[in-house]
1. In square nanometres, what is the average projected area of the Cα convex hull of region 134-274?
2. Could you grab the relative contact order for the chain? Cα pairs under 8 Å, six or more apart, rounded to a whole percent.
3. Take peptides 264-274, 170-180 and line them up by average Cβ neighbours within 10 Å, highest first, as a rough protection proxy.
4. If I take the Cα coordinates of the chain and project them onto the principal axes, what are the three extents in Å, biggest first?
5. Find the accessible area per residue for region 140-286; the probe is 1.4 Å, ligands and nucleic acids are left out, and the unit is Å².
6. Extending each Cα 7 Å along its Cβ direction at Asp36 and Ala380, get the distance between those two points in nm, one decimal.
7. Expressed as a whole number of Å, what is the distance separating the alpha-carbon centroids of region 28-76 and region 204-260?
8. State the number of lysine pairs found in the chain whose Cα atoms come within less than 21 Å, restricting to pairs 8 or more positions apart or on distinct chains.
Amino acid sequence: MATREDIYRALEGVNDPELGGNIVDLGMVSSVEVEDGVATIGIALTIAECPMRTQIEGDTRRRVAALEGIDEVVIETTAMTKAQRAELMGKARRWARDKAQPTQVAPTTRVVAVASGKGGVGKSSVSVNLALSLARSGFRVGVLDADIWGFSIPRMLGVRGPLTADDETRLIQPAHAHGISVVSTGLIIESEETALMWRGLMLSKALEQFLNQVQWGELDYLVIDLPPGTGDVQMALARMLPQAEMLVVTTPQKAAQKVAVRVADMARRSHMPVIGVVENMSSFTCEHGETYDLFGVGGGDELAADLSVPLLGRIPLDPSVVEGGDQGRPVVGNSDGGPAALAFRQLSERLVEAMPPAAAETCTGRIAKLVARMDEDLQAVNG
Ligand SMILES: Nc1ncnc2c1ncn2[C@@H]1O[C@H](COP(=O)(O)OP(=O)(O)O)[C@@H](O)[C@H]1O
Ligand SMILES: [Mg+2]
């Protein structure tokens, strides 16, 4: 059963993109109450009328609803008083000065962590096809291969290393493939010796480097291919990148679904909301139009129902997925790519609906800054 503390922790994952901090640290959460499965959350917005409001409310609702024992989320928004706003602006300024943004991932970037309980269910195939489909829709997309030792992203996107660092900033520059920014251990390791060196590194340290020392730039979406299971990397990600949300990949098989439930449990414990489920390797349709359920049926639907999240996609078993992966050209990029390509496109559309990109023109922060500056100017004139 979620406590007030759990709710505050979950809310640390809600960013005010323009102010560049989370709503708890910015002092925008005015109250949290929880009773009989109903969470009531007071949020003080810098100004009452603003398009950002919908996003902050949506993120808040999703994060809190994902907590155990919460059936309903009530959000009560108020507008800040002049004094509160001044305090917030002070905080935001200090924030910018202390470079409180802990990673190189912009606060406006939506982070989709693709997870599964076990390997071989198609996590990497989903990651690259989702990323490419998002890029084709005009979004700025990055792929972080967090499957440190089981990496397959470079092969699947047909990209080679080694990555280089910027002389001045010393930040690692991502590789580019199909218009996507890509980082993977597979693009760093050049020889067996360097591989050995890296092996000494803790997995979560490697992830930390990828988040802190890569010049990701302004991305709309960052897709993270997680290693299978519920280990260090998943926990580290939840801690370092609170805006991350998890997309769980499963097969139609009941056994796979059980493992996937464990992943979702881990996500819950680490306050990472599950955005939805993807069922991969669903029924195979042969040239004669006959359909075979090789790996069972209903696993995705059941898991989604279990977790109370939407089933965002059902990707059929399709040899073109394997081919695309081996050739470094994800199948979703082919206009005549067949049933899997179509299913991947639908998946990315539904994901964008569930997790829309941050509004390009936000106004909460901008107007609040303006008001704060006017206050200061007035004071300067009067004083
Ligand atoms: N929908 C699919 N149809 C056919 N083959 C698939 C499909 N999804 C994945 N595969 C194949 O299954 C294998 C495992 O997929 P992969 O994405 O590497 O899984 P994971 O990252 O979970 O280990 C790969 O050879 C891949 O090409
Ligand atoms: Mg993989």
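1. The orientation-averaged projected area of the Cα hull of region 134-274 comes to 9.5 nm².
2. 20
3. By packing density, highest mean first, the sequence is 264-274, 170-180.
4. Projected onto the principal axes, the Cα atoms of the chain cover 80, 55, 40 Å.
5. In whole numbers, region 140-286 has 42 Å² accessible per residue.
6. Placing both labels 7 Å beyond Cα along the Cβ direction yields 5.5 nm.
7. Here the two parts' Cα centres lie 25 Å apart.
8. Lysine pairs satisfying the spacing and distance rule in the chain number 10.
The values are calculated or read from the model by the stated rules, or taken from the named source; none is laboratory data. Because the structure is a prediction, the values reported are computed rather than measured. Because the Cβ atoms are built from the backbone with ideal geometry, glycine has one as well, and the counts that use them run over all protein chains shown. Remember, those area values only see protein heavy atoms, side chains included, never the ligands or the DNA or RNA. Shrake-Rupley method; radii C 1.70, N 1.55, O 1.52, S 1.80 Å.
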